[in-house]
Amino acid sequence: MPIQPAATAAIFSPPPGQSAFDEATLDAMELCYHENGFVVLRDVFAAELMERMEAECVRAQQQVVNHELSERYGSTVFLDDAAKAEVFANYVEFINELSPAVVEATAHPNLLAALHRLLSEDCWMRDASQFGVVYQDARPGKESGYTRIGWHSDWQAGPSLDIWPSTAFTFHIDGTSPENGFLRVVPGSHRWATPAPYRNVNDIEVPATAAATGGYTDTPPPFEMALRFEAIPGEIPVYTQRGDVILHDAYLWHSAARATAEDTTRRHVRGGYFAGDRANEGVEQFLKNAAR
């Protein structure tokens, strides 16, 4: 059965007094992930690594605003108000090319131990195409051009590519709550055969080569996916602490809730590991412009 709204059963940490996951914890984590489509890893990174990650990401963010970096690192694709990108950067793409701490975190033994369980020993990170690893500052203040993202599954951004399955990771620089925004998920939705929409939420036409559905079974969803921000039966919030890592399946239905307080921050680093054919990693135009 899907976990209950408190989501406490989805949080996994190394055993007390240890810095690495043991086999029993990895077994429980794997079972929970396959049942619900996501897990939260806690006490994965040392505080010093998170401090370096924050400092390096904030520095890169300011460099984007100051036009000290090439256009490769900035993006306005997902902004509600692109004009605000002139004074504030919600996104730094390919942050893995700018932050040694991010690179260290993406190859951390604890993270890889979990991903090898969920995908395979041969899984690979998509760090050189699409957006690479992304730093996102989702603060709700007046300077921000981003508020929230509607319902989607990551697979819908590339339904014609043979790179799946995939697990997305999110390193939380700030903890999350109703005050500063949080992730919304529908546990178990990764098992549904979710249709590829005719057009995505950004009105980008889906390629004719797209697979009809994506998911781990042939069972159709019990209701249509809302592409905006409507409530979905069975959805739950996922709250995190600083340093937590959310792992979620590419087929999982998820969205982001807007913060309720204007003077808060919600910063994180996100990317993905894949177990499909890396020869098909190449980016098509739909994938570059699709909503996430």
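One line per residue, one yes/no per condition, for (1) surrounded by 16 or more Cβ atoms within 10 Å (Cβ to Cβ); (2) modelled with pLDDT of 95 or more; (3) closer than 22 Å to residue 128 by Cα; (4) more than 19 Å from the chain's Cα centre (by Cα):
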| position | (1), (2), (3), (4) |
| --- | --- |
| 40 | yes, yes, no, no |
| 43 | yes, yes, no, no |
| 49 | yes, yes, no, yes |
| 53 | yes, yes, yes, no |
| 57 | yes, yes, yes, no |
| 70 | no, no, yes, yes |
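Within the group 193, 210, 250, which residue is at pLDDT 95 or above, within 26 Å of residue 133 (Cβ to Cβ), surrounded by 15 or more Cβ atoms within 10 Å (Cβ to Cβ) and in contact with a Pro (Cβ under 7 Å, 6 or more places away or on another chain)?
Of the residues listed, the single one that is at pLDDT 95 or above, within 26 Å of residue 133 (Cβ to Cβ), surrounded by 15 or more Cβ atoms within 10 Å (Cβ to Cβ) and in contact with a Pro (Cβ under 7 Å, 6 or more places away or on another chain) is 250.
One residue is enough: does the stretch 142-152 have a residue meeting the conditions in a strand (DSSP E or B), at pLDDT below 95 and under 19 Å from residue 227 (Cβ atoms)?
yes
Only one of 69, 31, 26 is more than 18 Å from residue 171 (Cβ to Cβ), assigned to a helix (DSSP H, G or I) and free of Cβ contacts under 8 Å to residues at least 40 places away in the same chain. Can you tell me which?
Testing whether each residue is more than 18 Å from residue 171 (Cβ to Cβ), assigned to a helix (DSSP H, G or I) and free of Cβ contacts under 8 Å to residues at least 40 places away in the same chain leaves just 31.
Restricting attention to the stretch 213-268, which residues are among the small types (Gly, Ala, Ser) and assigned to a strand (DSSP E or B)?
Listed by number, the residues that qualify are 214, 255, 256, 257.
If I filter the stretch 109-116 for residues that are over 21 Å from residue 65 (Cα atoms) and among the small types (Gly, Ala, Ser), do I get at least one hit?
Of the stretch 109-116, the ones over 21 Å from residue 65 (Cα atoms) are 109-116.
Still in the running and among the small types (Gly, Ala, Ser): 113-114.
Yes, the stretch 109-116 has at least one match.
The values are calculated or read from the model by the stated rules, or taken from the named source; none is laboratory data. For clarity, every value in this text was computed on a predicted model and none was experimentally measured. Cβ coordinates were reconstructed from backbone atoms using ideal geometry, including for glycine residues, and neighbour counts include every protein chain displayed.
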